[in-house]
1. Determine which member of the set 116, 162 is under 16 Å from residue 251 (Cβ atoms), away from the ligand (no atom under 12 Å from the Cβ) and either more than 10 Å from the chain's Cα centre (by Cα) or surrounded by 20 or more Cβ atoms within 10 Å (Cβ to Cβ) (or both).
2. Quick one: how many residues across region 37-54 are assigned to a helix (DSSP H, G or I) and over 18 Å from the mean Cα position of the chain (by Cα)?
3. Can you spot a residue in region 223-232 that is more than 15 Å from the ligand (Cβ to nearest atom), of a type outside the set (A, V, I, L, M), assigned by TED's automatic domain parsing to the domain that holds residue 109 and touching a strand residue (DSSP E or B) at 6+ places or on another chain (Cβ under 7 Å)?
4. Of all residues in region 10-55 being touching a residue at least 60 places away in the same chain (Cβ under 8 Å) and among the polar types (S, T, N, Q), which is farthest from residue 83 (Cα to Cα)?
5. Test residue 35 against the stated conditions and say whether it is among the β-branched types (Val, Ile, Thr), in contact with a strand residue (DSSP E or B) (Cβ under 8 Å, 6 or more places away or on another chain) and either surrounded by fewer than 23 Cβ atoms within 10 Å (Cβ to Cβ) or not assigned by TED's automatic domain parsing to the domain that holds residue 254 (or both).
6. Of all residues in region 216-243, which are out of contact with any Phe, Trp or Tyr (no Cβ under 9 Å at 6 or more places or on another chain) and outside any helix (DSSP H, G or I)?
7. Answer yes or no as to whether residue 169 is more than 16 Å from the ligand (Cβ to nearest atom) and either in a helix (DSSP H, G or I) or under 25 Å from residue 92 (Cβ atoms) (or both).
8. Return a yes/no flag: does region 146-157 have any residue that is within 26 Å of residue 295 (Cβ to Cβ), aliphatic (A, V, I, L, M) and touching a residue at least 60 places away in the same chain (Cβ under 8 Å).
Amino acid sequence: MTNFSRIIGTGSYLPERILTNEELAGRVDTSHDWIVERTGIYERRIAAPDQTTCDMAEIAAQRAMETAGVGADDIDLIVLATCTPDRVFPSTACLLQERLGIQGGGAFDVTAACAGFIYAFATADNFIRAGAAKRALVVGAETMSRVIDWNDRGTCILFADGAGAVVLEQSDEPGVYSTHLHADGRYKDLLAVPGWVSPDYNDQPAPSPFMTMQGNEVFRVAVGSLGDVVLEALKANGLERSDVDWLIPHQANIRIIQAIARRLRLSMEQVVTTIETQGNTSAASVPLALDTAVRDGRVKPGELLLLEAFGGGFAWGSALVRF
Ligand SMILES: CC(C)(COP(=O)(O)OP(=O)(O)OC[C@H]1O[C@@H](n2cnc3c(N)ncnc32)[C@H](O)[C@@H]1OP(=O)(O)O)[C@@H](O)C(=O)NCCC(=O)NCCS
């Protein structure tokens, strides 16, 4: 018998504080119109000063477990994607495990920046396929506001905070058809938070604790890589572009999302976008978009979803899912 995994619940959380483009224009040399035209972002959410990645992950996970109808005893694996963990270690997954009263199974973080959720999702899917787990909690959660230089107009307009989660369960039928992961470390300097744990830098100036990014180069590689990896997912399963009901993309820039929709020949009505009000929440953006579209009734059981994300590394990937 072949094991597959399928999504049995989704959940998400956004912090209360709304940061508008107008407020950003008061801090750096930019404007509401420039941000909307170049990124599609109108506003974003920022965590409260005392709110951590684990705090947000906890609420998103509770909501996903509630919709899945499962309790703490039912989860035997936690895979949490973040590049803004509460601590260097223990992992945020272990902190979350304790908060949720889950015991016994494995819990670990995955770091692939904005591609983190797809990496975590692929990891959990493969655990379940291998028979090594039955029910996995997969979370993407970020406090990007803590690694942003709020004086850098090239990055501070883009990133934001939030969390999303899904519960994956062993199933006789897909569920998840396939996942596709890629990385290219040669691009390590184009998008990075270089600082913090830096034993090799003793005789050099401390590296920046804030994000550095060459936006236009990131844009160019993201469009090419994501276009390829969504078509790779369809080809691997002998499916056509017309079979896809919904594209659930990473929310980095509306122009990147539109370019991928064009490669898939999808109308924007078949694309879930949350970037307008949520900005780029890194590893949280795909499960946030999925949960948004499930809860407002757009994504329905039985539909075919194509998930994709791209981030620092570079790392990128896709997942083809029957919901
Ligand atoms: C960052 C990004 C919005 C910049 O848009 P862009 O159209 O590529 O703009 P460029 O970087 O080419 O800069 C064009 C001009 O706008 C300026 N500019 C940059 N940020 C600006 C801002 N917030 N407001 C106003 N002007 C800005 C630049 O300084 C540049 O000015 P110049 O022509 O006088 O030198 C865009 O490159 C992007 O979204 N890249 C992808 C980033 C991303 O997705 N990262 C995460 C991946 S997970």
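1. 162
2. Filtering region 37-54 down to residues assigned to a helix (DSSP H, G or I) leaves 37-39, 53-54.
Pick out the ones that are also over 18 Å from the mean Cα position of the chain (by Cα) and you get 37-38.
Selection size over region 37-54: 2.
3. The initial filter retains those residues of region 223-232 that are more than 15 Å from the ligand (Cβ to nearest atom), namely 228, 230-232.
Going one step further and asking which of them are of a type outside the set (A, V, I, L, M), we end up with 228, 232.
With the extra rule that they be assigned by TED's automatic domain parsing to the domain that holds residue 109, the set shrinks to none.
The answer is no, given that none of the residues of region 223-232 is more than 15 Å from the ligand (Cβ to nearest atom), of a type outside the set (A, V, I, L, M), assigned by TED's automatic domain parsing to the domain that holds residue 109 and touching a strand residue (DSSP E or B) at 6+ places or on another chain (Cβ under 7 Å).
4. Here the answer is 30.
5. Working: among the β-branched types (Val, Ile, Thr): yes; in contact with a strand residue (DSSP E or B) (Cβ under 8 Å, 6 or more places away or on another chain): no; either surrounded by fewer than 23 Cβ atoms within 10 Å (Cβ to Cβ) or not assigned by TED's automatic domain parsing to the domain that holds residue 254 (or both): yes.
It is false that residue 35 is among the β-branched types (Val, Ile, Thr), in contact with a strand residue (DSSP E or B) (Cβ under 8 Å, 6 or more places away or on another chain) and either surrounded by fewer than 23 Cβ atoms within 10 Å (Cβ to Cβ) or not assigned by TED's automatic domain parsing to the domain that holds residue 254 (or both).
6. Result: 238, 240.
7. Details: more than 16 Å from the ligand (Cβ to nearest atom): yes; either in a helix (DSSP H, G or I) or under 25 Å from residue 92 (Cβ atoms) (or both): yes.
Against the criterion (more than 16 Å from the ligand (Cβ to nearest atom) and either in a helix (DSSP H, G or I) or under 25 Å from residue 92 (Cβ atoms) (or both)), residue 169 qualifies.
8. Keep residues of region 146-157 that are within 26 Å of residue 295 (Cβ to Cβ), which gives none.
No, that holds for no residue.
The values are calculated or read from the model by the stated rules, or taken from the named source; none is laboratory data. Please read these numbers as outputs of a predicted model, since none were measured by experiment. Note that we place each Cβ from the backbone using ideal geometry, even for glycine, and neighbour counts take in every protein chain shown.
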